[in-house]
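Below is one structure; the comments refer to it alone.
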Amino acid sequence: MDPILDGLNHAQREAVTSSAPVLQVLAPPGSGKTKTLTARVAYLLSHHGYQPQDVICCTFTIKASREMRERLSKLIGEKLQSRLILGTFHSICRRYLVKYGYLIGLRKGFGIADSDDTRAILRRIIKRLKSTIDVRAAQGRISKHKAHGLSPRDLSDKVKADEVELVEIYSAYNEALAAANLLDYDDLLVRCCDLLREHPECVSNVQTVLVDEFQDTNIIQYELMNLFAAKHRRITIVGDPDQSIYGFRSAEIQNLRRMQKKYSNTSVVLLESNYRSCGSILNSAQDVIEQDTTRPAKKLEATHKFGTLPVLRKLPNPNAEATWMVLEIKRSIALTGDLLRMCDFAVLLRSASLSTRIESAFGRAGIPYKMVGGRKFFDRVEVKTLLNYLRVVSHSDHSDALLNIINVPPRRIGDETIKQLTGGAEKAGVTLWVFIKDVIQGRRATEKKLQKAAELGLCALVKLIDASRQKLQDCADASAPCVLLEYIVESLSFQEYLLKTYPLDEDGRWANVKELMGQASDVVTSDGETNPEEDLPEIEGVEQQQTHPGEEALSRFLANVALATEAQSKDEDDGGSGSVTISTIHAAKGLEWPVVFIPAVYNGSIPHSRAEVVDEERRLLYVAMTRAQALLYLSLPLKQPRVGEGEDGSTSLTPFLPPRIVKSRFRLKGPQFHEQVVYGIADTLRRARPTAEELCKDIATLPSILDDRWTSEGEEVRAEDNGWNHQQNWGDSTQEPSTKRRRYDDERRALTSNSITSHKSGTSSTFMVPTTMSTGGFTSARDYIAVQPEDSKSGASSQAKAQVITTSAHQDGLNQASISTFFGNPGVSRTKDRSSQPNFPSAKSTSHDRLASSTKPQPQSAPSHVPVSLASHRLQPRPLHPSRPALEPAGPTSYTWMAAPTSSDALKPARMFSSPAFQNQMSESTSKGPGETTPASSSSVRSKAFYTTTMDQVRQQAPTTTGRRTLGIRRSMNGWADRMKREKTGGQGDRMQ
């Protein structure tokens, strides 16, 4: 079999091997479109005999073109792929304009104006014309006109009255660009179209054209595609109309239909197999997009298992929404046995402004995150400064770049001096650089004489630029960017400047400078002597413009920087646990993550309140949902201050999720990560399944193993309902008890009550032993619970067993008025038999108690651990409000002793007694000898030690027996007076005799 076709399914092979001259491949998310397009290029080269330099392949991002080159290198070899005309529309157009731009009047060595340059030029024009148009609004409207191929002259013929002012600004803007020999991003496409219309012979060698992400093309890009393929009319496009989301960039979803009308022999192939997401995610996404009845009908078939249903979570407000994301991320990682890592999670936003609360919540929780589409590497101040120096060296007419460096580092050139220089240049009709050189050399003068310090600063700047330009001429290879950067950094003492200007962040900024220099060095390494990726084939009868090798290398380096849509920093490719990704949905196009969160799915956010095309907003939600591989979470804050629809800030669910879809395709809470769910996630991600030990190791670190902080309707659950109390869960055995005293909670404590069932003569009796009550003294919900076997009372224990077995119901009168009262009368015998009294269930026992008790396994035999003297007492699971300890009615020297554990087990927190490890210990202890007292018969029952200690008993023991000499409460009515006396006598009164 042809190796190019290996691994392709039937539809993909049909697309790759199609003999149709015009082919449309409609590829839904995750269907392998990049693989198909790459194989199509390799197949055309190997089976149709096309030369690589005669094939144009257009992508929309630098990342996509880089990925295609890497794949093609494996299929056809590095040498062939390097000769392909492959890149973004803008980069390919620049290559043609560099070689053939002189044919339409472009001057040699033109520069590229980035967005900052464009705004600076427009700001000056608007100020000069005294217009009230916003700079960014003017920039967007001019870009839109250029994307439709409309010049100022075209607009002037059909302009509306309210756009006359804009046409004037548009015309002045183009004149300013031409004067500075600059082209903006849109001009690269527009001017290339002009070139190919007037001189189609420049692309007469092109055999076939391939376009990726065709649904995102605008009018001018569609026209470029047709011009590239004008001679042989062979075109292959790959796209998906359901993913057309760049209407704000003038993308035209109608280009698919335009293409079919223009080329009647168009063949269409559908790729319908999805290799990314599980079936449940695809079903929900398909239901969303199928609400658009105007779209081409096509289905999406999952190749993975159904998986777990997506989540549509309602939360009270955006803060709760952010907190919920934190909890779900931690819960997902812990309950999947580290199958998921931080880098597997993404939060996709309709608007970047929604990230504020999410970032704050992540920061408080210690969750690392990175912002996609945040501040780019090349936009950082120190990097931008050095790039502007290179731009002035390469293109001295670039006045805006010159203004950015004229006083950086400081040269004592103030704003007044700059104002005089720019004003003088405008009046003289020359560029700022020419005017400055003339002033320094005495050929021109400013209106006011410059200060001596300013003149010296300008002289130093001119000297540095001229010396750098001379070094550029001396470079005859691709090393020019690296050589110039090193020279400029050294001449400016740039590291010392950063240290003085940014003392708190000098290291990070200098690291950015080193990174920039490293990228310039990489250009030298990759280019070598020649750069075939930038060459165009020779066309007979058409001369290519020749440039200086060093100047071309610098110009190409700066162009690549200007055209870069993203900065690849080294930490983004970290193979470790990484960071959670926060991105806009637009920036996430073409990417995928195992787990995706889509917050704020309410009407007004998606669809956005200012959206012009509702169908595009639906496609935006569809794109976001199909980024998820295994788990998908959507969330709806019920209140959205200042943004919601209602006066009270209330929100409503997006209309793209009607009740029918919500009911059938979504769950209302996060999934329970039982074993099969985790295994399904592992299979979808093609990762090894975690072991049982890995699944359990981090459970104890969670505040809750369920998504139960809020109800399914988005209401906050009270702490007494589910154990949520200041992020502390009672089942968390690894958390230390809080030092703050808290009250018992009836419902929570009732859950740990245990029933012990004994059998005799075919009958059984059950009594409740609440295992959460402490033994007396000063107790609280967070105290430790002591476990005290009493070996010396084996006879009494056996008597208690017999008594319990013959009991058929709960004892009456076991409501335990107070623990302190119970221990306050040690001399009173409690062996009175109350078996004849009627027994009733306690009023405090709830249905929850009985349910928790009945659902536990009931052993066949259960020895009692209640001492005989206490067999008649029923310890109730009830709130404890301890009063001051009951005092002895005896003499003034008597003490009331608090319960004190004598077992090492008493040092364990109460919650640890329900852990699996302790349950095993309890089970093993039941097989001890007859002289030992065993713990509870059920692993969930905790035994108790009961104390009835008095001063009389203590006096009969040696001091070493008690081990404690100063604990207790002395009965005294004199208070501080007695204490002061004891202080004066040396504290001897505190010792117990």
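Label positions at R128 and S353, each projected 7 Å from the Cα along the C-beta direction, are separated by 3.4 nm.
Taking label positions 7 Å along the Cα-Cβ direction at both A179 and K981, the computed distance is 10.3 nm, reported to one decimal.
Taking amide H as placed 1.01 Å from N in the peptide plane, R313 has its amide H under 5 Å from the amide H of L634, S635, L636, each at least 5 places away in sequence or on another chain. Placing a pseudo-label 7 Å from each Cα along the Cα-to-Cβ vector at E713 and R83 gives an inter-label distance of 7.2 nm. Taking packing as the residue-averaged number of other Cβ atoms within 10 angstrom, the listed peptides 427-439, 30-42 run from highest to lowest as 30-42, 427-439. Averaged over its residues, segment 320-451 has an accessible area of 42 Å² per residue, based on protein heavy atoms and a 1.4 Å probe. Is the shape of segment 387-480 rounded, prolate or oblate, going by the alpha carbon gyration tensor and its root eigenvalues a ≥ b ≥ c, with a/c under 1.5 for rounded and a/b larger than b/c for prolate? The shape class here is prolate.
When ligands, DNA and RNA are left out and all protein chains stay put, how many square angstrom of accessible area per residue does segment 196-248 have with a 1.4 Å probe?
On the way: 1490 Å² over 53 residues.
On a per-residue basis, segment 196-248 sits at 28 Å².
Near R276: Cβ cut-off under 15 Å, other residues only, Lys/Arg at +1 and Asp/Glu at -1. The net charge is 0.
For D154 and C696, what is the calculated FRET efficiency with R₀ set at 60 Å and r taken between the beta-carbons, to the nearest 0.05?
Working: r = 70 Å, r/R0 = 1.16.
Plugging the Cβ-Cβ distance into 1/(1 + (r/R0)^6) gives 0.30.
The stretch between E70 and Q291 holds 75.7 nm of extra length on full extension. This uses 0.36 nm per residue minus the Cα-Cα distance.
Report, to the nearest whole %, how much of the accessible area of segment 363-491 belongs to carbon and sulfur atoms, 1.4 Å probe, protein only.
Details: 3100 of 6300 Å².
The C+S portion of the solvent-accessible surface of segment 363-491 is 49 percent.
Backbone phi angles across segment 578-589, fed through the Karplus curve with coefficients 6.51, -1.76 and 1.60 (θ = phi - 60°), yield HN-Hα couplings of x, 9, 5, 8, 10, 8, 6, 5, 4, 6, 8, 4 Hz in residue order; Gly and Pro are listed as x.
Would you mind calculating the gained length between Q676 and K108 on full extension (0.36 nm times residue separation, minus the Cα-Cα distance), in nm to one decimal? Let's see the in-between values first.
On the way: separation 568, 0.36 × 568 = 204.48 nm, distance 6.53 nm.
Result: 197.9 nm gained on full extension.
When peptides 508-520, 376-388 are sorted by average Cβ neighbour count within 10 Å, with the highest value leading, the order is 376-388, 508-520. Accessible surface calculations at 1.4 Å, restricted to protein heavy atoms, place segment 55-147 at 44 Å² per residue. Which whole-angstrom value gives the distance between the alpha carbon centres of segment 256-276 and segment 543-558? Spelled out, the Cα-based centre of one part sits 39 Å from the other.
With 24 Å as the limit on Cα-Cα distance, the pairs of K130/K419; K427/K448; K63/K330; K146/K384 that go past it are K63/K330; K146/K384. Ranked by the mean number of other Cβ atoms within 10 Å of their residues, highest first, the peptides 272-284, 305-317 come out as 272-284, 305-317.
The values are calculated or read from the model by the stated rules, or taken from the named source; none is laboratory data. Because the structure is a prediction, the values reported are computed rather than measured. All Cβ positions, glycine included, derive from the backbone under ideal geometry; neighbour counts span all protein chains shown. Just so you know, the surface numbers come from the protein's heavy atoms only, side chains and all, with ligands and any DNA or RNA stripped out. Shrake-Rupley method; radii C 1.70, N 1.55, O 1.52, S 1.80 Å.
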